[in-house]
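Shown next, in structure tokens, is the structure this report addresses.
The values are calculated or read from the model by the stated rules, or taken from the named source; none is laboratory data. As the structure is a prediction and not an experimental result, all values here were calculated from the model. So basically every Cβ, Gly included, is an ideal-geometry build from the backbone, and we count neighbours across all protein chains shown. Keep in mind that these areas ignore ligands, DNA and RNA; they rest on the heavy atoms of the full protein, side chains included. Shrake-Rupley method; radii C 1.70, N 1.55, O 1.52, S 1.80 Å.
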Amino acid sequence: MPTAKKDLTVAQLTELIGRSKLAVAGGHRGLKVSDLTNLRRGVRSAKVEVHVVKNTLARRAATAAGHEALLSLLTGPTALVLSFGDEVEGAKALTEYLRTSRLAFPMRGAELTGRTLSTDELNALAALPPRDYLLAQVLGTMNAPVTGLVTVLNQLIAGFVRVLDARAKQLRSEEHTSELQSRGLISYAVFCLK
């Protein structure tokens, strides 16, 4: 490959690797072109792209993009699966496609935020619930003590209001009683009840 073409390929790979949130390296030996095409189609909806790369060019691009953790995964014939959306969704789309299609795509590992992940860790990442669901769980957990505090304070205020209302009724009934006593009606009513 001429040097200018290699430089262009490295620049394109650098841009792709730099934009990616998750990069999965795997071997493509034994896969047909149709298998890779179907893999590309199967994961495209999750903002995932599949690229067959030369290791020397991919190493240069990964170094230029600041993704040095990817270097250890670039051995043998390599296909890079790059996720540009949510990391969990990308991993989930890849593992789900591989599971349903029974495609023999040997994953070597992945690079996520400067850290190398094993295939087990990648599968664990794919098993996580979506990001929005996790955020809702965290917010619900944070909201629970506040809701409890509001409920307790509301009960305290409601109890205080009930005590004040009962006292007001008591005072009204005492005023009414004293008014009736002053007229002599209470002693007459007590006499009638005997």
Calculate, in nm to one decimal, what Q155 and R19 gain on full extension: separation in residues at 0.36 nm each, minus their alpha carbon distance. 43.7 nm
The chain: most fluctuating residue of P130, P145, P106 per GNM, C-alpha cutoff 10 Å: P145
With T78 itself left out, Lys, Arg at +1 and Asp, Glu at -1 over residues whose Cβ is under 13 Å from its Cβ give +3
Over 18 Å between Cα atoms: which of K5/K54; K47/K92; K6/K47; K21/K54; K6/K54 fall into that group? K6/K47; K21/K54
Tell me, what ³J(HN,Hα) does each residue in region 44-56 have, in order and in whole Hz, if you take phi through Karplus 6.51 cos²θ - 1.76 cosθ + 1.60 with θ = phi - 60° and put x for Gly and Pro? 4, 5, 9, 6, 10, 10, 10, 10, 7, 10, 8, 4, 5
Which whole-Hz ³J(HN,Hα) couplings does region 33-39 yield from phi under the Karplus relation 6.51 cos²θ - 1.76 cosθ + 1.60, θ = phi - 60°, glycine and proline marked x? 4, 5, 5, 5, 5, 5, 4
Binned Cα-Cα distance frequencies in the chain - 10 Å width, integer %: 8, 25, 20, 8, 6, 6, 6, 5, 6, 6, 4, 1, 0
Just name one of V43, T78, L122: the one whose Cα is farthest towards the positive end of the charge dipole of region 1-150 (beta-carbon charges, Lys/Arg +1, Asp/Glu -1). T78
Rounded to the nearest 10 Å², the accessible area of F84 using a 1.4 Å probe with every protein chain kept is 40
Along the charge dipole of the chain, Cβ charges K/R +1 and D/E -1, which of N55, V150, A69 sits furthest on the positive end? N55
For a paramagnetic label modelled at 7 Å from the Cα of F84 toward its Cβ, which residues of region 1-40 fall within the zone defined by backbone nitrogen distances under 12 Å? 15-21
I'd like the carbon and sulfur percentage of the solvent accessible area for region 67-155, probe radius 1.4 Å, heavy atoms only, ligands and nucleic acids excluded. 63
How many nm separate the modelled label positions at R44 and N143, each set 7 Å beyond the Cα in the direction of the Cβ? 3.8
Any idea of the accessible area per residue across region 1-118, 1.4 Å probe, to the nearest Å²? 51
FRET efficiency estimate (nearest 0.05) - Cβ-Cβ, S72 to R29, R0 22 angstrom: 0.70
Which residue, G26, G90, G114, tops the fluctuation ranking in a GNM of the chain built on C-alpha contacts under 10 Å? G114
Among 120-128, 47-55, what's the highest-first ranking by average C-beta atoms within 10 angstrom per residue? 47-55, 120-128
Taking a label point 7 Å from the Cα of R162 along Cα-to-Cβ, the residues of region 122-155 whose backbone nitrogen sits under 17 Å from it are 151-155
Using a 1.4 angstrom probe and counting only protein chains, how large is the accessible area of D165 in Å², to 10? 70
